[in-house]
Amino acid sequence: MTENSPMQSEIEAKLWEMTETNEEYAYLNRGGFSSEMFKIELRGLPKFYGIAELKKLMNQKLGLNTSKIKRPKNGSRWLYACFQNDEERGKAIAALNGYSWKGKTLIAEAAKPAPDPLVRKRKQGEDEAIQDKKMKEVDNKSQEERLKDATTPYWNIPYDEQLKIKEKEVRQILMKYDNEVWKINKERRDLIEAKRKLHNGLSFDLKPIEPSPVTEGYRNKCEFTVGIDEQSKKPTVGFRLGSYVTGTVGVAPIQSLNHISEQTKRVVLLFQEFVRKSDLPPFSPADYSGYWRYLTVRHSKYNGDIMLIIALHPQALTVEELEKLKADLREHFSSEESTACGIKSIYYELITKRRIGEDCSKPIHLMGSTHITDVILGRQFRISPEAFFQINTAGAEILYQNAIDLSQVTYDSTVIDICCGTGTIGLCFAKHCGRVLGLELVAEAVKDAKANAELNGIENCEFYTGKAEEILPSVLARAGGDHLVAVVDPPRAGLHMKAITQLRNTKRVKRLIYISCSPASAVKNFVDLSRASSKMLRGAPFIPVRAVSVDMFPHTKHVELAILFERENENPSSQEENVNTNTEDNVKEEAMNETNEQKLQADADVNMDNVDP
């Protein structure tokens, strides 16, 4: 263990005393790992740096083992780094304090943990009842209105007006993207300005927003929290009125919400009945006591089938007590009422506070079918407990049809479906193109994708497991032909820069459809796709041609966006000049590229052979 300095030992002694005597820090002694216990404050950082760069410095160069890096909203020249134990933290302080990085000398010190926000709020001298009364006096809103504001903030705005708001926001986001490209690429400025005159301020065509075909009860998946209703004081299955960080743990019933189907609401009440009859109280995030945590309801809009995933904390329940609980659940959901609700599949999941390095818990099948089935664009899709499936089935049909239309695929096209999930997009593309190759991180989702291809009798689709940035070179090398179309539907955070680089450098990718559920978060990806060519981004940039937003989430602020990017044509005169003046270099580069292609193909053969069928 790294020997601590006297100052550091004194700080740690104070931290220990604080956690022993102050209720706001009592959560650190309740068992389980907390990243707040072993935290350092790192100051003196350079003005410009990336979190990925810092992680590389800490983990690879200095051999540290960070579990989390947290950058405060109001500061970029300092941050917190968390570690798994006291030894790792001491090692980090010794390595980082006084270290010179990017011309700056870093300062690293032990940092005190953050106080429990709920306890901090309570310690202001008011109990929950007084706080609740004050909050109601301030905003003069009922619990029902507060819940609607938290879950469906556009609930009291006419739908036509909602669409106008979202269309305006999407346009503003895309104008921000245009401005970023204008700043970094001087050669394109005149062209951007010329196109803006044609497309109402944008450098490309933005089609009118596509409304959702269904605006009421459209969600096919909901995750409900089990807690205490602030009004009735009874265990309730619903949604929180606020986040824990704001000191809110109350759960309100969901019967008044218009984006949840009546069938789902009946199922929620059925499970709530079981919870209230149970001797086990709901889980409390304030002190980690209690049992019932979440209920996930998945609802097929095709045939009305329902899947439930019931999550609970086992606490100190014995094996016998857990078996009795499972038997009680089976009995409860074998009733005529349960059958009338359409419940066909039930899973349970035991959730504890896992330690760093431990795998997440997995749902365990309890009774009924292992999957339910839904349909998009005439294709059937089996849905497993953890599978990603667009939450608005009718809206997904609109989104995917627009993606197909934008792509202009033909039977000569190979579609690279990146972040393919259970294969919904790729399988919808399959009858319009020659071949589909899908990539997905979650192995279970890939199994579902393969099963979905078989279910629909589709033979021109292949799916592979792995991180997009790691297996994309192999998949691209495996793809034949010169007409590759990439379809990207990444998580909210966007696509890894390595994957962007690989797409840019694979010149056979002529078109790219980027689908985003968070357009504001995807702007960086858009910009990187469009950057001028460089040593890292060797291929010609992708230029946006057409975009369309689809309202997949009525009554909320969210919207889905699909953009068609096309590869910019290389400058022929520039190419001819390079051939005439740099023939020797071109021959070398061509030979190198050929070697790299052979290596990629070899890697592809190895990687694909290792993928589970």
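Between a first residue in segment 491-507 that is open to solvent by 30 Å² or more (accessible area, probe 1.4 Å) and a second residue that is of a type in the set (Asp, Glu), which pairs have beta carbons less than 7 Å apart while being 6 or more apart in sequence or on different chains?
Pairs found: His496/Glu469; Met497/Asp528; Lys498/Glu469.
May I ask you to list the residues in segment 218-233 that are buried (at least 20 other Cβ atoms within 10 Å of the Cβ), β-branched (Val, Ile, Thr) and either part of a loop (DSSP other than H, G, I, E, B) or in contact with a Pro (Cβ under 7 Å, 6 or more places away or on another chain) (or both)?
Val226
Going through segment 397-436 one residue at a time, which ones are polar (S, T, N, Q), in a helix (DSSP H, G or I) and out of contact with any Cys (no Cβ under 9 Å at 6 or more places or on another chain)? Outline the logic, then answer.
Taking segment 397-436 first, the residues polar (S, T, N, Q) are 401-402, 407-408, 410, 413-414, 422, 424.
Next, from what is left, pick out any that are in a helix (DSSP H, G or I): 401-402, 407, 424.
Within segment 397-436, Asn402, Thr424 meet the criteria.
Look at segment 234-256 and say how many of its residues are in a strand (DSSP E or B) and open to solvent by 10 Å² or more (accessible area, probe 1.4 Å). If you could, list the steps in order and put the result at the bottom.
Here is the first cut: in segment 234-256, the ones in a strand (DSSP E or B) are 235-240, 251-252.
Then keep just the ones that are open to solvent by 10 Å² or more (accessible area, probe 1.4 Å); that gives 235, 239-240.
Qualifying residue count for the region: 3.
For the structure I just gave you, tell me whether Glu469 is touching a helix residue (DSSP H, G or I) at 6+ places or on another chain (Cβ under 7 Å) and either free of Cβ contacts under 8 Å to residues at least 60 places away in the same chain or assigned to a helix (DSSP H, G or I) (or both).
On the way: touching a helix residue (DSSP H, G or I) at 6+ places or on another chain (Cβ under 7 Å): yes; either free of Cβ contacts under 8 Å to residues at least 60 places away in the same chain or assigned to a helix (DSSP H, G or I) (or both): yes.
For Glu469, the condition - touching a helix residue (DSSP H, G or I) at 6+ places or on another chain (Cβ under 7 Å) and either free of Cβ contacts under 8 Å to residues at least 60 places away in the same chain or assigned to a helix (DSSP H, G or I) (or both) - is met.
Looking at the structure I just gave you, is Lys68 more than 13 Å from Glu41 (Cβ to Cβ), of a type in the set (Lys, Arg) and loosely packed, with under 15 Cβ neighbours inside 10 Å? Can you show your working first?
On the way: more than 13 Å from Glu41 (Cβ to Cβ): yes; of a type in the set (Lys, Arg): yes; loosely packed, with under 15 Cβ neighbours inside 10 Å: yes.
For Lys68, the condition - more than 13 Å from Glu41 (Cβ to Cβ), of a type in the set (Lys, Arg) and loosely packed, with under 15 Cβ neighbours inside 10 Å - is met.
Being within 15 Å of Ser67 (Cα to Cα), open to solvent by 30 Å² or more (accessible area, probe 1.4 Å) and at pLDDT 85 or above is the filter; apply it to segment 39-56 and report the residue that is nearest to the chain's Cα centre (by Cα).
Only one residue fits best here, namely Lys55.
Given the residues Glu273, Glu323, Glu262, which is the only one that is acidic (Asp, Glu), closer than 25 Å to Thr393 by Cα and modelled with pLDDT of 95 or more? Outline the logic, then answer.
On the way: Glu273 fails: closer than 25 Å to Thr393 by Cα; Glu323 fails: closer than 25 Å to Thr393 by Cα.
Unique residue meeting the criteria: Glu262.
Among the residues in segment 530-550, are any modelled with pLDDT of 60 or more, small (Gly, Ala, Ser), part of a helix (DSSP H, G or I) and open to solvent by 10 Å² or more (accessible area, probe 1.4 Å)? Lay out the reasoning, then the answer.
Taking segment 530-550 and keeping what is modelled with pLDDT of 60 or more, we get 530-550.
Next, only the ones that are small (Gly, Ala, Ser) stay: 530, 532-534, 539-540, 547, 549.
When the remaining residues are screened for being part of a helix (DSSP H, G or I), the result is 530.
Filter once more, so that each one left must be open to solvent by 10 Å² or more (accessible area, probe 1.4 Å): none.
No - not one qualifying residue is present in segment 530-550.
Go through segment 545-556 residue by residue and tally those that are of a type outside the set (S, T, N, Q) and touching a Ser or Thr at 6+ places or on another chain (Cβ under 7 Å).
First pass over segment 545-556, keeping only residues of a type outside the set (S, T, N, Q): 545-548, 550-555.
Those left that are additionally touching a Ser or Thr at 6+ places or on another chain (Cβ under 7 Å): 551-552, 554-555.
Of the residues in that region, 4 qualify.
For the condition in a helix (DSSP H, G or I) and modelled with pLDDT of 90 or more, what is the one hit in Leu439, Leu512, Leu503? Even if it seems obvious, please write down each step before you answer.
Values: Leu439 fails: in a helix (DSSP H, G or I); Leu512 fails: in a helix (DSSP H, G or I).
After applying the criteria, what remains is Leu503.
This table checks each residue for (1) outside any loop (DSSP other than H, G, I, E, B); (2) out of contact with any helix residue (DSSP H, G or I) (no Cβ under 8 Å at 6 or more places or on another chain).
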site	(1), (2)
Glu216	no, yes
Asn258	no, yes
Thr264	yes, yes
Leu270	yes, no
Asp279	no, yes
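Among the candidates Ile157, Ile93, which residue alone is in a loop (DSSP other than H, G, I, E, B), modelled with pLDDT of 75 or more and of a type in the set (Val, Ile, Thr)? Give the derivation first.
Details: Ile93 fails: in a loop (DSSP other than H, G, I, E, B).
Step by step, each of Ile157, Ile93 is checked, and only Ile157 is in a loop (DSSP other than H, G, I, E, B), modelled with pLDDT of 75 or more and of a type in the set (Val, Ile, Thr).
State yes or no: is Pro473 within 19 Å of Phe429 (Cα to Cα) and either modelled with pLDDT under 95 or touching a Cys at 6+ places or on another chain (Cβ under 6 Å) (or both)?
Values: within 19 Å of Phe429 (Cα to Cα): no; either modelled with pLDDT under 95 or touching a Cys at 6+ places or on another chain (Cβ under 6 Å) (or both): yes.
Here the answer is no, as Pro473 does not meet what is asked.
Exactly one of (1) at pLDDT 95 or above; (2) open to solvent by 10 Å² or more (accessible area, probe 1.4 Å) is unmet by Asp359. Its number?
The single condition Asp359 does not satisfy is (1).
Residues in segment 453-466: is at least one under 27 Å from Val170 (Cα atoms), touching a residue at least 12 places away in the same chain (Cβ under 8 Å) and either outside any loop (DSSP other than H, G, I, E, B) or open to solvent by less than 40 Å² (accessible area, probe 1.4 Å) (or both)? If you could, list the steps in order and put the result at the bottom.
Step one: filter segment 453-466 for residues under 27 Å from Val170 (Cα atoms), giving none.
No, segment 453-466 contains no residue that is under 27 Å from Val170 (Cα atoms), touching a residue at least 12 places away in the same chain (Cβ under 8 Å) and either outside any loop (DSSP other than H, G, I, E, B) or open to solvent by less than 40 Å² (accessible area, probe 1.4 Å) (or both).
The values are calculated or read from the model by the stated rules, or taken from the named source; none is laboratory data. None of the values given here were measured: they were computed from a predicted structure. FYI the Cβ positions are ideal-geometry reconstructions off the backbone, even for glycines, and counts take in every protein chain you see. Surface areas here come from the heavy atoms of the whole protein model, side chains and all, with no ligands, DNA or RNA. Shrake-Rupley method; radii C 1.70, N 1.55, O 1.52, S 1.80 Å.
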